[in-house]
Structures are given as structure tokens and as C-alpha cells.
1. For the stretch 1-112, evaluate the Debye formula with one uniform point scatterer on each Cα (no solvent term) and list log10 I(q)/I(0) at q = 0.12, 0.16, 0.18 Å⁻¹, rounded to two decimals.
2. Between the helical axis of 3-20 and the dominant principal axis of the chain, each derived from Cα atoms, what acute angle in degrees is found, rounded to the nearest 10?
3. How big, on average over all directions, is the shadow cast by the Cα convex hull of the stretch 62-123, in nm²?
4. So how far, in whole Å, is the C-alpha centre of the stretch 68-94 from the one of the stretch 21-50?
5. Given a Förster distance of 22 Å, report the FRET efficiency between residue 75 and residue 21 from their Cβ-Cβ distance, rounded to the nearest 0.05.
6. So, by mean Cβ neighbours within 10 angstrom, what's the order for 7-20, 79-92, 62-75 with the highest one leading?
7. Specify the angular offset, from 0 to 90 degrees and rounded to the nearest 10, of the alpha carbon long axis of helix 60-76 from the longest principal axis of the alpha carbons in the chain.
């Protein structure tokens with residue numbers, strides 16, 4: 001899939017998802033595109049995978065492009081950004097934060113943890 005096709009797919013999925021509910025997350029987008037399987041997502045949430053990008057089925061360049069297009073769509077459509085904590089599942093009494101990227105870079109981690117919400121003023 002070339003960048004133009006990927007851009008169209010990202011925008012189409014985000015648009016249709018926001019018609020069903022009022023927010024979209026990068027993780028949900030990756031699953032709907034087919035880059036992240038439900039099983040791999042669950043393995044990551046339970047801490048069986050060290051970081052999310054490890055189980056994504058495309059290279060980092062395309063992952064970065066998907067994230068860029070999601071942010072661009074959000075800006076164009078005046079969506080509100082909302083940071084969401086992703087903690088490991090299955091650990092009672094402890095909040096163990098999950099990693100999205102191998103580098104653990106704060107900017108990358110924040111981008112993956114940011115959900116985009118339809119602004120009540122724009123509905």
C-alpha cells in the first residue's frame with residue numbers, strides 16, 4: 001500500500017469510526033487498518049510483549065505516517081486530544097504502564113496514548 005492509499009484508508013476509517021462513537025484511538029485505528037491483530041493487542045496489554053510496535057505488521061516509517069495522518073485528520077476536523085493511560089492488564093493492585101515504542105521516547109509514547117474526541121461544539 002502506497003502512502004496515498006494509506007492516507008485515504010486512515011481518513012476513511014477515522015471518519016466512519018467517529019460516526020459510530022465520539023472518539024478514536026491510535027491503537028483502534030491500527031487494528032482497523034489490519035496492522036495490529038486483536039491477539040497481539042491482548043498480548044501487549046497483558047505484558048507478554050515488551051512494546052506495541054514490536055507486534056505491528058508494518059515498518060516504523062509507515063507506522064509514523066499513520067500517526068501523522070491521524071493527527072492531521074484530528075486538526076482538520078477540530079477534534080479534541082485526550083491523553084489516556086495504558087496500564088498492564090491482569091495485575092491486581094499495581095498500575096504498570098505499558099510501552100508503545102522500543103525507544104520509549106516521551107513524544108512517541110504520548111502520541112500513541114492520545115485519543116481524539118469529537119468536540120461538542122463541532123457536532
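1. The Cα Debye sum returns log10 ratios of -0.42, -0.76, -0.96.
2. For helix 3-20, the angle is close to 90 degrees.
3. 5.7
4. Cα centroid of the stretch 68-94 versus Cα centroid of the stretch 21-50: 12 Å apart.
5. Between residue 75 and residue 21 the formula returns 0.65.
6. Details: 7-20: 15.0, 79-92: 12.3, 62-75: 17.2.
Result, highest mean first: 62-75, 7-20, 79-92.
7. Roughly 50 degrees between the two axes.
All of the numbers you see were taken from the coordinates with simple rules; none came from a lab. Please read all numbers here as calculations on a predicted model, not as lab measurements. Positions of Cβ are backbone-derived with ideal geometry, glycine not excepted, and every protein chain shown enters the neighbour counts.
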